[in-house]
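Engineer: After the structure tokens below, expect a handful of questions from me.
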Amino acid sequence: MDLARVDVTSSITLAHDRYLPVDEAFAALLPDPGLVRGRIVACTGAAATSLALALASRATTTGSWLAVVGMAPIGIEAARELGVAIDRLVSIDADACRPDEWADRVATAADGFELVLTVPPTGPPTGPPTRAERVFRKVRQRVQARGVVLLIVDSGASHSGAGADMVLEVTAGEWEGLGRGHGHLFRRRVVVRAGGRRVPRPVERELWLPGIAGRPELIEPATTVATATAGNIELERAG
Amino acid sequence: MIVPRIVPGIVPRIVPRIVTVWCPDWPVVAAGVAPTVPAAVLRANRVIARSPAAALAGVRSGHRRREAQRCCPELIVLDHDPARDARQFEAVIRAVAELSPRLDVVEPGWLCLAARGPSRYFGGDEALAERLTAVVTGVLDSLGLASAPVGVGVADGRVAATIAARRADVTIAGPAVVAPGESASYLAGLTVGWLREVGEAAPELVELFIRLGLSTLGDLAALPAGDVYARFGSAGLHVHRLAGGGDDRPPGTTDPPAEWSTERAFGEPVEHLETVVFVAKQLADELVATLAGGGRVCTRVIVIAETEHGERSERAWYRAVGLSSSAIVERVRWQLEGWIAQPGALTGGVTLLRLVPDQVRGDDGDQLGLWGGRSQADHDAMRAVTRLTGLFGEQAVCVPAWRGGRLPAERYQWVSAAAADLEDPSGRLSPGDGPWPGGSPRPSPSVVFTEPLDVEVVDEQGGAIRVSGRGEVSASPAALVVRGAARPLRAWAGPWLIDQRWWEPRRHRRVAQFQVVTDDGEAYLVAAEQQQWWILAAYA
């Protein structure tokens, strides 16, 4: 049995079987050619929701379905503008205050959808401290078994980032186009830092999220203007 | 079988005589539902099979869950379980294989075999058909499964035989035998919709024929083949040949050489079904890639599995539109699950799995995928939607739908997936005509609050900002006060004014929308209505 298993896993697997594709804008940010199946990716910081939707967008246009669990307020139109194929978008209700219900629904969604986007339960810990971990472990097992990519949006309230394989942190965000009484929101420059257990060397990149056309765009780091702005953002963060 | 045999397309071949065995509404029968109980099996929210009692109440295949429940409120809704269908059908396959070993399983509930040999042996087509009916009915009785009468049809060609079998179960009691050479005249009076029913033509193509006034197969067959080819391409030529009672194997079908088959021998017997299926996926990918490299597609595949104790399972699977990799894997799974379910059939681990392409034709690009067919991911997702709806309730599982409007919460809304059409979402999602002036500009907010949050917007001195009916702001907004905490504003713009339904005093709304960015860089869409401020959405 073990021999057979070794035999099975050592043979070639196609790229499609290991990764879900992502937008070109993320190519320089992620350590792999796409989202690795069976992994948990946490998006944190101010632009976390847009970032998670943008990460899922390319896979939905190539046939994968996206389930959002316990995130009914998600902006459907924004998802469409970020490139998500909303004909493959399904929302599943889950009560954020009941971790067991949340885990149950995420695990069930993992049986049929290749991408699951969720906000981890934020309710006050009702049981012993290990309970949240146990619930999370159940979800992790199912995600690994089914080869699903679980995207977690974490605006800083919970601490699920610790359980994720990769953490994409939006460390700075700056909107363009809005003045004092004129203009309108146009595009947003964000700095995203990829780190976590499965990222050998943390990478930081600047992106437009959303860009002019709505979709994310990579800002080439070579230009002097970009570096100067990055420096400013560093200063802001320090201050 | 070993040497490739090229058959020139111009030589008319004798259309083989085929027997089709059709078990109507197999998914319901396999679920073990009594005929007096109204029940239906749903896939992707559509009825695919129903019990006789449900049929009497007016439930039709293709109905949505709601439509079916309206016809028959006490309807029992069952989830589609292909594994269960395959498991139960295995006994039928085994019984028929004793009469004639060379049979094709198209899907659980539907199999075909060559009529020539067994028909001679049993003394004619009628005798063979009656014998098959008796055998299959006997198996179903012994399993305790109640079914509508089994349909058996004999005719020249697979399509005519299948249509005869399917009509037999509704129009006449007993098998339907179409005399040799009569297939074309038998088909001539039937509607073109049968092409879709037997899986030979895409629904869009059939719909197009009907819109063009070609309502019967005879009308279609009467057209010159060249004209049909010019207008509809190879898919059209294929169904034109079928409508005229022709062979379902296109000219140019070859017996593939032995080296195209793929196999995997296991060093140690494998006892887990999932492991074998995993290997089947690799073999199927390999096989499909080999064939695709030469522009070919497999329409009939033989799946062979052997165990350490010398047991062997061999089945031929046929699919008119060609077998994709996932379709082959699905059939391997059906076959193995059926094998496992047979008591005493399987005593050891699997040591060998072999896929042999038995019928191969040029890939004309008329696979269903080009017509917007469904992929494996679509099937999985639709099954999951049905399952989640069953577990958590209809309101818990939603899909987006376009509503139109000027406020972010109005434009798209979530509707219950149970009531929505998942297969064809275009009607649900396409934004209607016409602009919606007054809406806030793109990009749209990524978080739209279901319950707007009430806030205050104040000027430098802390005085409330007022917006006049003409959209004039009393002062420049300086801070957003959320639950008592002031957050200074770095930038703001607006208002985008909405004056809705001014002709209807009770539903009249005047809303002024503003975009604001707080000093920590977060952007919100806020709105003033009757001097009360709300946060409608966030650009998170």
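We did not get these values from a lab; they are worked out from the coordinates using the rules stated. As the structure is a prediction and not an experimental result, all values here were calculated from the model. Virtual Cβ from ideal backbone geometry, glycine too; neighbours counted across all protein chains shown.
Engineer: If you place +1 on the Cβ of every Lys and Arg, -1 on the Cβ of every Asp and Glu, and leave all else neutral, what size is the dipole of the stretch B:165-226 about its Cα centre, to the nearest 20 Debye? Working shown, then result.
Structural biologist: Values: 4 positive and 7 negative charges, 15 e Å.
Value, rounded to 20: 80 debye.
Engineer: Okay, moving on. Of B:Ala265, A:Val69, B:Leu355, which is farthest towards the positive pole of the protein assembly as shown's charge dipole, taken about the Cα centre with +1 and -1 on the beta-carbons of Lys, Arg and Asp, Glu respectively?
Structural biologist: Of B:Ala265, A:Val69, B:Leu355, it is A:Val69.
Engineer: Same structure again: Which three extents, in whole angstrom, do the alpha-carbon atoms of chain B cover along their principal axes, largest first?
Structural biologist: Rounded to whole Å, the extents work out to 102, 60, 52 Å.
Engineer: Distance between the C-alpha centers of the stretch B:326-358 and the stretch A:32-80? Whole Å please.
Structural biologist: Cα centres, the stretch B:326-358 to the stretch A:32-80: 37 Å.
Engineer: How long is the gain from B:Arg102 to B:Ala34 if the chain were fully straight, where each residue apart is worth 0.36 nm and the alpha carbon distance is subtracted? Could you put the intermediate results ahead of the total?
Structural biologist: Details: separation 68, 0.36 × 68 = 24.48 nm, distance 3.23 nm.
Taking B:Arg102 through B:Ala34 to full extension adds about 21.3 nm, to one decimal.
Engineer: Moving on. Would you tell me the mean number of C-beta atoms belonging to other protein chains that fall within 10 Å of each C-beta in B:326-335, as a whole number? Kindly include the intermediate steps, with their values, before the conclusion.
Structural biologist: Details: counts 0, 0, 0, 0, 0, 0, 0, 0, 0, 0.
Mean shielding by partner chains, rounded to a whole number: 0.
Engineer: For the stretch B:424-540, with equal point scatterers placed on the C-alpha atoms only and solvent neglected, what are the log10 I(q)/I(0) values from the Debye formula at q = 0.12, 0.17, 0.20, 0.21 1/Å, to two decimals?
Structural biologist: For the stretch B:424-540 at q = 0.12, 0.17, 0.20, 0.21 Å⁻¹, log10 I(q)/I(0) is -0.47, -0.88, -1.15, -1.24.
Engineer: Moving on. For A:Arg201 and B:Trp503, FRET efficiency with R0 = 45 Å and r from the beta-carbon atoms, rounded to 0.05? Mind dumping the intermediate values first?
Structural biologist: On the way: r = 63 Å, r/R0 = 1.41.
Computed FRET efficiency for B:Trp503 and A:Arg201: 0.10.
Engineer: Shifting gears a bit: Note down the magnitude of the dipole of the stretch A:52-125 about its Cα centre, charges +1 on Lys and Arg C-beta and -1 on Asp and Glu C-beta and zero elsewhere, to the nearest 20 debye.
Structural biologist: Values: 5 positive and 10 negative charges, 47 e Å.
Roughly 220 debye for the stretch A:52-125.
Engineer: Work out the charge dipole of the protein assembly as shown with +1 on the Cβ of Lys and Arg and -1 on the Cβ of Asp and Glu about the Cα centre, then indicate which of B:Ile465, B:Thr162, A:Cys97 is farthest towards its positive end.
Structural biologist: The residue sitting farthest along the positive end of the dipole is B:Ile465.
Engineer: If one computes P(r) from the Cα atoms of the stretch B:203-306, what percent of pairs lie at distances over 23 Å?
Structural biologist: Details: 2705 of 5356 pairs.
Summing the P(r) of the stretch B:203-306 above 23 Å gives 51 percent of all pairs.
Engineer: So for A:Leu30, B:Leu273, B:Leu113, A:Leu89, fewest C-beta neighbours within 10 Å to most, what's the order? The partial results should precede the final answer.
Structural biologist: Numbers: A:Leu30 20, B:Leu273 16, B:Leu113 25, A:Leu89 28.
Going from least to most buried by this count: B:Leu273, A:Leu30, B:Leu113, A:Leu89.
Engineer: Can you find, among B:Ala83, B:Leu113, B:Thr137, the residue sitting farthest towards the positive end of the charge dipole of the stretch B:22-143, where Lys and Arg contribute +1 and Asp and Glu -1 at Cβ?
Structural biologist: Ranked along the dipole, the leading option is B:Ala83.
Engineer: Say R0 is 35 Å: what FRET efficiency, to the nearest 0.05, do B:Ala419 and B:Glu460 get from their beta-carbon distance?
Structural biologist: Values: r = 51 Å, r/R0 = 1.46.
In this case the efficiency is close to 0.10.
Engineer: Same structure, new question: Would you kindly calculate the translational diffusion coefficient of the protein assembly as shown, applying Stokes-Einstein with the Kirkwood radius from alpha carbon pairs, for 10 °C and a viscosity of 1.306 mPa s, and quote it in µm² s⁻¹ without decimals?
Structural biologist: Values: Rh = 29.7 Å.
This corresponds to a translational diffusion coefficient of 53 µm²/s.
Engineer: Per DSSP helix of 4 or more residues, -39500 (n - 2.57); summed, then divided by the residues of chain B. What does that give at 222 nm, rounded to the nearest 500?
Structural biologist: Details: 17 runs with 183 residues, N = 540.
That calculation yields -10000 deg cm²/dmol at 222 nm.
Engineer: For the stretch B:1-134, what is Rg from Cα atoms divided by 2.2 N^0.38 Å, rounded to two decimals? Numbers along the way, then the final one.
Structural biologist: Numbers: Rg = 19.1 Å, N = 134, 2.2 N^0.38 = 14.1 Å.
Against the compact-globule rule of thumb, the ratio is 1.35.
Engineer: Please give the helix B:325-341 orientation as an angle from the longest Cα principal axis of chain B, in degrees from 0 to 90, rounded to the nearest 10.
Structural biologist: Long axis of B:325-341 versus the principal axis of chain B: about 60 degrees.
Engineer: Here is a further query. So if I take the centroid of the Cα atoms in the stretch B:86-156 and the same for the stretch B:410-431, what is the distance between those two points in Å?
Structural biologist: Rounded to whole Å, the Cα centres lie 43 Å apart.
Engineer: Among A:Ile212, A:Ile76, A:Ile219, B:Ile14, which comes first, second and so on when ranked by fewest other beta-carbon atoms within 10 Å? Kindly include the intermediate steps, with their values, before the conclusion.
Structural biologist: Numbers: A:Ile212 13, A:Ile76 25, A:Ile219 19, B:Ile14 8.
So the residues, fewest neighbours to most, are B:Ile14, A:Ile212, A:Ile219, A:Ile76.
Engineer: Compute the long axis of helix B:376-392 from its Cα atoms, compare it with the longest principal axis of the Cα atoms of chain B, and write down the angle in degrees, 0 to 90, nearest 10.
Structural biologist: Long axis of B:376-392 versus the principal axis of chain B: about 70 degrees.
Engineer: Right, something else. Order these peptides, B:499-508, B:63-72, by their mean beta-carbon neighbour count within 10 angstrom, highest first.
Structural biologist: Working: B:499-508: 9.8, B:63-72: 18.4.
Descending mean neighbour count gives B:63-72, B:499-508.
Engineer: Starting from the 7 Å offset along Cα-to-Cβ, what nm value, one decimal, do you get for the label separation of B:Ile76 and A:Gln141?
Structural biologist: 3.2
Engineer: Report, as an integer, the average count of C-beta atoms from other chains found within 10 Å of each Cβ along A:35-43.
Structural biologist: Counting Cβ atoms of other protein chains within 10 Å of each residue's Cβ and averaging gives 0.
Engineer: Find the Cα radius of gyration of the stretch B:377-421, compare it with 2.2 N^0.38 Å by division, and give the number to two decimals. Let's see the in-between values first.
Structural biologist: Values: Rg = 12.2 Å, N = 45, 2.2 N^0.38 = 9.3 Å.
The stretch B:377-421 yields a ratio of 1.31.
Engineer: Please state the charge dipole magnitude for the protein assembly as shown, taken about the Cα centre, from unit charges on C-beta atoms (+1 on K and R, -1 on D and E), reported in debye and rounded to the nearest 20. If you can, show how the numbers build up before the last one.
Structural biologist: Numbers: 82 positive and 91 negative charges, 143 e Å.
Computed charge dipole of the protein assembly as shown: roughly 680 debye.
Engineer: Given a Förster distance of 22 angstrom, what is the FRET efficiency for B:Leu212 paired with B:Ser234, based on the Cβ-Cβ distance and rounded to 0.05?
Structural biologist: Numbers: r = 18 Å, r/R0 = 0.83.
Working from the Cβ atoms, E equals 0.75.
Engineer: Let me know the mean shielding of A:170-176 by other chains, meaning the per-residue number of their Cβ atoms within 10 Å of its Cβ. If you can, show how the numbers build up before the last one.
Structural biologist: Working: counts 1, 0, 1, 7, 3, 9, 1.
The shielding value for this peptide is 3.
Engineer: Multiplying the sequence separation of B:Thr347 and B:Glu263 by 0.36 nm and subtracting their Cα-Cα distance, what value in nm do you get?
Structural biologist: Numbers: separation 84, 0.36 × 84 = 30.24 nm, distance 2.13 nm.
Between B:Thr347 and B:Glu263, full extension yields an extra 28.1 nm.
Engineer: Could you state the angle between the C-alpha long axis of helix B:158-171 and the longest principal axis of the C-alpha atoms of chain B, as a value from 0 to 90 degrees rounded to the nearest 10?
Structural biologist: The answer is roughly 80 degrees.
Engineer: Right, something else. Fewest Cβ neighbours within 10 Å first, please rank A:Phe26, B:Phe278 accordingly. Could you put the intermediate results ahead of the total?
Structural biologist: Details: A:Phe26 23, B:Phe278 15.
Going from least to most buried by this count: B:Phe278, A:Phe26.
Engineer: Now a separate question. Under 19 Å from a point placed 7 Å out from the Cα of B:Leu391 along the Cα-to-Cβ direction: which residues of the stretch A:46-82 have their backbone N that close?
Structural biologist: A:65-72
Engineer: Quick one: which of B:293-299, B:457-463, A:47-53 comes out on top by average Cβ neighbours within 10 Å, and what's the full order, highest first? The partial results should precede the final answer.
Structural biologist: Details: B:293-299: 17.3, B:457-463: 14.0, A:47-53: 28.3.
Going by the mean number of other Cβ atoms within 10 Å, highest first, we get A:47-53, B:293-299, B:457-463.
Engineer: Let me know the volume per residue of the alpha-carbon convex hull for the stretch B:185-244, in Å³. All intermediate terms of the calculation are to be shown ahead of the outcome.
Structural biologist: Working: hull volume 4.0 nm³, N = 60.
Each residue corresponds to 67 Å³ of Cα convex hull volume.
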